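The values are calculated or read from the model by the stated rules, or taken from the named source; none is laboratory data. A quick note: this is a predicted structure, and the numbers were derived from the prediction, not measured. Glycine gets a Cβ as well: all are built from the backbone with ideal geometry, and neighbour counts include every protein chain shown.
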Amino acid sequence: MIRAVTEDDVGTLYALILELATYERLSDEVNGDPEVLAHSLFVERTAEALLAEQGDEAIGYAILCGTFSSFECKGGIWIEDIYVRPESRKAGVGRALFAAVAAIAVERGLPRVEWAALDWNELALGFYDRLGARRMDEWKMLRLEGEALERLGSP
């Protein structure tokens, strides 16, 4: 079952985020905590999240937020994370999460859903190909953060 995350789910969602960070070999980059996550989701509403469950057990999640396409002159959805626990993969959970995100986009009249994948994650890239996703190899992801962000954004 796929459902929207509630405030009661924040601890579970955060634990899944830590699992994803470990899987992606990025645990040392996790700076947030459950309180910041709850504030972002339920106070600032800068993102929303879906939880995949099997029985009473959380087995995956998706975190999404808005984008905007100047060419489409419309918003879209950015999938920040999509994660399914390894033991639950190949059971249709990832596809169900993507279908739920796609349904949100269709319901809201949004023209696209986008996300990024690590270039070494061939398992995920193959899965995305089977979904019908188009690889955007001509685009490079860029990020401004930390000291560089402060330096540029400070008067």
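For the stretch 67-90: of the residues being outside any loop (DSSP other than H, G, I, E, B) and in contact (Cβ under 8 Å) with a residue 60 or more places away in the chain, which is surrounded by the fewest Cβ atoms within 10 Å (Cβ to Cβ)? Talk me through it step by step, then tell me what you get.
Pass one, the stretch 67-90, residues outside any loop (DSSP other than H, G, I, E, B): 67-69, 74-84, 86-88.
Filter again for in contact (Cβ under 8 Å) with a residue 60 or more places away in the chain, leaving 81, 83, 86.
Numbers: Asp81: 18, Tyr83: 22, Pro86: 11.
Looking at residues that are outside any loop (DSSP other than H, G, I, E, B) and in contact (Cβ under 8 Å) with a residue 60 or more places away in the chain, I get Pro86.
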Are any residues in the stretch 32-57 more than 14 Å from the chain's Cα centre (by Cα) and among the charged types (D, E, K, R), and if so, which ones? Asp33, Glu35, Glu44, Arg45, Glu53, Asp56, Glu57
Per the filter on the stretch 1-26, residues touching a residue at least 12 places away in the same chain (Cβ under 8 Å), within 14 Å of Glu80 (Cβ to Cβ) and assigned to a loop (DSSP other than H, G, I, E, B) are Val5, Glu24
Go through the stretch 124-155 and report how many residues are part of a loop (DSSP other than H, G, I, E, B) and either under 19 Å from the mean Cα position of the chain (by Cα) or not hydroxyl-bearing (Ser, Thr, Tyr) (or both). 15
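Yes/no per residue for (1) in contact (Cβ under 8 Å) with a residue 40 or more places away in the chain; (2) under 15 Å from Arg85 (Cβ atoms); (3) assigned to a strand (DSSP E or B):
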site	(1), (2), (3)
Asp28	no, no, no
Glu35	no, no, no
His39	no, no, no
Leu51	yes, yes, yes
Tyr61	yes, yes, yes
Cys65	no, no, yes
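Which residue, of Leu118, Leu97, Leu110, is surrounded by 11 or more Cβ atoms within 10 Å (Cβ to Cβ), within 21 Å of Ala49 (Cβ to Cβ) and at pLDDT below 95?
Values: Leu97 fails: at pLDDT below 95; Leu110 fails: at pLDDT below 95.
Going through Leu118, Leu97, Leu110 in turn, the sole match is Leu118.
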